[in-house]
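Asks: Okay, handing you the structure first.
Please treat every number below as a calculation from the coordinates, not as lab data. Owing to the predicted nature of the structure, the values given are computational and were not obtained by experimental measurement. FYI the Cβ positions are ideal-geometry reconstructions off the backbone, even for glycines, and counts take in every protein chain you see.
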Amino acid sequence: MRFTTSLPSLHNRFISIKYNAKRKGGTTLRRTAALRQWLHVLWLLCLPLGLAASTAAQPSVAPKPIIIAHRGASGHAPEHTLTSYRLAARMQADYIEVDVRATQDGKLVALHDATLARTTNAETVYPRRSPWQVSDFSIRELKKLDAGSWLAPRFAGERVPTLDEVIQMLKAERVEAPLYIETKQPGIEKAVAHLLQSHHMLRPGRVMFQSFSRKSLEALRRLIPRGIPLIQLIDGREAQHWDDQRLRQIAAYADGIGLPLSAVTKERVRAAHRRGLIVHVYTVNATHDLARLCAMGVDGIFTDYPDRPARIAACRRPPDH
């Protein structure tokens, strides 16, 4: 129902009628008294509707996206090291991303690449082990590698951490930031779920999973409790050719999509939301991109610099009450 006359306007008309009636004699005053009572009742009846309409007209405040520390605070420290994770927690990231792979002897380690060449000194320590595939090394062999010097000399001595060590460190330092785990190879889902369960972290609000592999996400769905989000990662090439049918397929087994920054548009975000899918974007470091995406309504942002969004008005959350 829409009222063309506002409540303050009705009140002002009542005051005007009352004033004019006093100038006219008793009969008019009696009629005015009845009119006044009717107007008063009408005003009381309209009050709740008027207040509801006023409230509905107020713009809703969209929630700010979660900030995900991409491989830890990897813009400040070597990616996927305890130092990087620790720094991300201090910067109050909402989630800390951990890429997980398995070693030759089945230990779960935090590493993005399938090989050790880029982020360790494996080529120097094991010169005859090319191409230095993670899956070709035992955890004991990995622990001999330097995983920090490649970024800066001050990080010399950093080691490749196991997933268990990451969780133990965060617990020891009483860090509440949940983990955002990407399964980097098929077949590790059961081991990951079992480890998280042993630390009482396999529950909503403590962990989230992502993968480029649909099979990996489907395997996780059978292993984890309801309410833990699964995110289907989409690479740049696939993002250029996706359509609503693809979103419908993803919605059947996942809770959201992970898009590269280059593929994000407002129309795509809206299309995903219409399918009930949340949208997380990787990897966003420039201030203008952070501000644009926060204002666009995406649900999560991966960044190497988890300290930056707090300095951007569009990304700041209102203080808790």
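Asks: Could you calculate the contour length gain from Thr265 to Ala310, that is, 0.36 nm times the residue separation minus the distance between their Cα atoms, to one decimal place in nm?
Replies: This chain segment gains 13.9 nm when fully extended.
Asks: A further question follows. Using only Cα atoms, locate the centre of the range 254-280 and the centre of the range 131-202, then give the distance between them in Å, rounded to an integer.
Replies: 29
Asks: How large is the dipole of the range 250-321 about the Cα centre if only Lys and Arg carry +1 and Asp and Glu carry -1, each at its Cβ, rounded to the nearest 20 debye? The partial results should precede the final answer.
Replies: Details: 10 positive and 7 negative charges, 57 e Å.
Roughly 280 debye for the range 250-321.
Asks: Any idea which of Ala286, Val298, Ala271 is furthest toward the positive side of the dipole for the range 262-320, if Lys and Arg beta-carbons carry +1 and Asp and Glu beta-carbons -1?
Replies: Result: Ala271, furthest along the dipole toward the positive end.
Asks: Among bridges DSSP assigns within the range 66-315, what percent are antiparallel (round to 5)? Don't skip to the answer; put the middle values down first.
Replies: On the way: 5 of 33 bridges.
Antiparallel: roughly 15 percent of the beta bridges in the range 66-315.
Asks: Which one of Phe212, Ala117, His200 is farthest out on the positive end of the charge dipole of the range 66-315, using unit charges on Cβ (Lys, Arg +1; Asp, Glu -1) and the Cα centre as origin?
Replies: Comparing the listed Cα positions along the dipole, His200 ranks first.
Asks: Once you order the gyration tensor axes a ≥ b ≥ c over the Cα atoms, which shape class does the range 180-321 get: rounded for a/c under 1.5, otherwise prolate or oblate by comparing a/b with b/c? Could you put the intermediate results ahead of the total?
Replies: Numbers: a/c = 1.88, a/b = 1.27, b/c = 1.48.
Judged from the Cα gyration tensor, the range 180-321 comes out oblate (a/c at least 1.5, b/c at or above a/b).
Asks: Would you kindly state how much longer the chain becomes between Arg128 and Lys143 on full extension, computed as 0.36 nm times their sequence separation minus their alpha carbon distance, in nm to one decimal?
Replies: Working: separation 15, 0.36 × 15 = 5.40 nm, distance 1.77 nm.
Separation in residues times 0.36 nm, less the Cα-Cα distance, equals 3.6 nm.
Asks: Then there is this: With θ set to phi - 60°, apply the Karplus curve 6.51 cos²θ - 1.76 cosθ + 1.60 along the range 230-240 and write out the HN-Hα couplings as whole Hz, x wherever there is a Gly or Pro.
Replies: Taking θ as phi minus 60°, the curve returns 10, 10, 7, 6, 10, 7, x, 5, 5, 4, 6 Hz for the range 230-240.
Asks: Please compute the modelled spin-label separation between Asp235 and Glu176, points set 7 Å along Cα→Cβ, answer in nm with one decimal.
Replies: 3.9
Asks: Under the 0.36 nm per residue contour assumption, what length would be gained going from the current alpha-carbon distance of Asp136 and His194 to full extension? Intermediate values should be presented prior to the final figure.
Replies: Values: separation 58, 0.36 × 58 = 20.88 nm, distance 2.31 nm.
Full extension of this stretch gives 18.6 nm more.
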